[in-house]
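The values are calculated or read from the model by the stated rules, or taken from the named source; none is laboratory data. Values in this document were obtained by computation on a predicted structure and should not be read as measured data. Positions of Cβ are backbone-derived with ideal geometry, glycine not excepted, and every protein chain shown enters the neighbour counts. In case anyone asks, the SASA skips ligands and DNA or RNA and just uses the protein heavy atoms, side chains included. Shrake-Rupley method; radii C 1.70, N 1.55, O 1.52, S 1.80 Å.
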Amino acid sequence: MAEEHACLVRARSDSEGSSKLGSFGSIARTMTYTDDRLSGTESGGGEPGNTSHMAASPPDNAGDANESGELLDYNDSSVLEQFHEDALRQAGCGLSQARVLLAVSLAIAGASLELSAIPFILPSAEIELCILPHEKNWLVMISLVGGSLGSVGWGVLAERLGRRRTLVSCLAVNAVFAAIAAFMPTYGTFMMARFCSAIGSGGIVPTSYTYLGEMWYRSRRRHALLACPAAAAGGALLAAALGAAVLPPTGPTTLLENNEHFSAWHRYLLLCTLPILASLVSLIWTQESPRYLLDVGREVDAMMLYQSIHSSNQIRLCGKSHVGAANADPDYRLGELALPGKRRPPALHHVRHSVKMFWQSFFQLFSSAYRRTTLSLGGVLLFMMAIQYYLSSYIPATVVNMESSEFVAARKTITNETFTEEIYNNTLENIEYNNVTFNKCSFNNILMSHVMFNNCSFSNVALSNVKTSFTNFKSAVFVNSTIIDTDMEVGREFDEYCVFNSTIIRGMRGGCARHADLTSRLGGLLAEQSYVAHAGLLATVVGLLPAVVRPTVAICVACFLLSPLVFVAQSETALYVVEAVYRLFITLVMYAVGVNVVDSYPANLRCTAHGLIMSVSYLGGALVRGAGDAGAALSALLCAALALAAAPLATNLR
């Protein structure tokens, strides 16, 4: 039985090459498909995810040449790529792309918000969940490890499931577990929920870059992809804004606020899921990437989607200024195309093929054709992200040490005094009492932070409803006193040399095994986050410049030259400015890597490549976060070494 051919697109002659693009009939390549190719029988062309679908043999009676006399190369992926580019140019840019732009921006803003929120919740979470000092850094590290696993996993799935479906899936996982984390009562369950949430958010960046990039043709793609770093900066700003609106401003108010059943940091985490939920809703009005549909052999769906994009773009962002239903291009009609029917391969065959392609995708990234690109992009992003995550740990720790030194220097000392019938109902903070006598005094509904009682005597004293942090009683003597409803315990706040004569100790709440550090202040976190977020927004503006004006290798060299400032900066503001400048450069590098991934890899490898690159970068960030504070001099050397290592690799970026 003779094969029934369906010529989707006629060839464009050389004379037509310079004419105005008016319809799919003027696309640069001839695309001829057979029923066998779509059925996925012998050639496997109809299988979703098949990377060799272009290898189907052209029909014997096709004339061996198109109208221009050029032989068709069905193994050349540039045929589909050129078809996609020309189709998007004719469809124009408008409402269809704007919907995808909005959905992707909300998704990336949500992923950025989730990671930026961790420093804001730590002061409250460490009190309520009794997080020990060495466990605090694990909240960031577990998010990076989860993001690493999610990036590579979702990246591969995006080649099989499609860009939009994968983005919906990882957003759903992120939203569900982020909401669950807000209700977790223990540190272990909270960490597990955050880990699962990070697995979902890890797939957002690689999928979003590819999804958005494939909805715009090449000349507009770089500007469209600037929405990704802009959205990340917007997510960081939103984290700071929500923190200022919801969270307690100081350490003492943080401890007192934990009296509530559902404290502020729980509400903060729930609010942080809003961009993710908004992105999920906005994806209802978006469609799959037509480039993905072409790649998996769903040409009919792709052609319908191109027509839908053209119909939706009545008011265009680029291309023609206005296209209405009444004055649409007359030649742009899908009905003129003879489209073949579709048949799906068996489900079991689809599963076997997907598993096979899962492994082949990774091997392809390191084949001779893509090895240099993969190593260059991965190396540059690894070293630059390592700088970012190290500074995000080092600079806040340095600021805390500076503030602690000032706090200790401002300590008030009271020695050899007697207080009689004093009523203490306000916060006692940063005071040291030496050989002081308290007679008939009352400590009621009070917070004691960094208070020391050395060799003090308490006679007829009442302590009730007292919360403490870094408060100790050394060799204290209590006579005819009451200690009721406090979080102090004998052997912890009361040392072994304390004496209790005729003293009632009742209803003591078992406190956390650690001291809550109440010297933290929300203002410092807000300032740091504001500097970093505005640097990201500035990077978006710089990204509008041509790539030749801002070469990536020059950015890496600038990071190397900036490293001495890490050692020189001695004030809080100076450190935040240094971190912001680094973030400006690193954001530009991340943007350049994202653009290069979309431009350099074929459609069936883009998400896999970007996911693998992001995965390695997240792991590098987790390693440097776990390394701890190396001091000012070593930190400057580390930043210089990482930037210097990235510079040679950056020469391969376009």
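The table for this structure:
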item	result
R0 of 25 Å, Cβ-Cβ distance Ala241-Lys136: FRET efficiency to nearest 0.05	0.60
Net charge, Met385 excluded, C-beta distance under 13 Å - Lys, Arg +1, Asp, Glu -1	+2
Hypothetical label at Val281: residues of the range 214-250 whose amide nitrogen lies under 19 Å (7 Å Cα-Cβ projection)	235, 238-239, 242
Whole-number D in µm²/s for the range 415-462 (Stokes-Einstein; Kirkwood sum over Cα pairs; 25 °C, 0.890 mPa s)	226
Whole-angstrom gap from the range 253-316 to the range 148-170, using each part's C-alpha centre	14
Residue-span extension gain [Thr418 to Thr573] - 0.36 nm each, minus C-alpha spacing	51.5 nm
GluC sites (Glu not before Pro) within the range 245-311, DSSP loop, no more than 16 other Cβ atoms inside 10 Å	Glu260
Sequence of Glu489, Glu85 from largest to smallest accessible area, 1.4 Å probe	Glu489, Glu85
Virtual spin-label span in nm between Thr250 and Ala633, 7 Å along Cα→Cβ	3.8
FRET efficiency, 1/(1 + (r/R0)^6) with R0 60 Å, evaluated for Leu644 and Lys474 via beta carbons	0.70
Inter-label distance, nm, simple model (7 Å from Cα along the C-beta direction), Ser367/Glu406	5.9
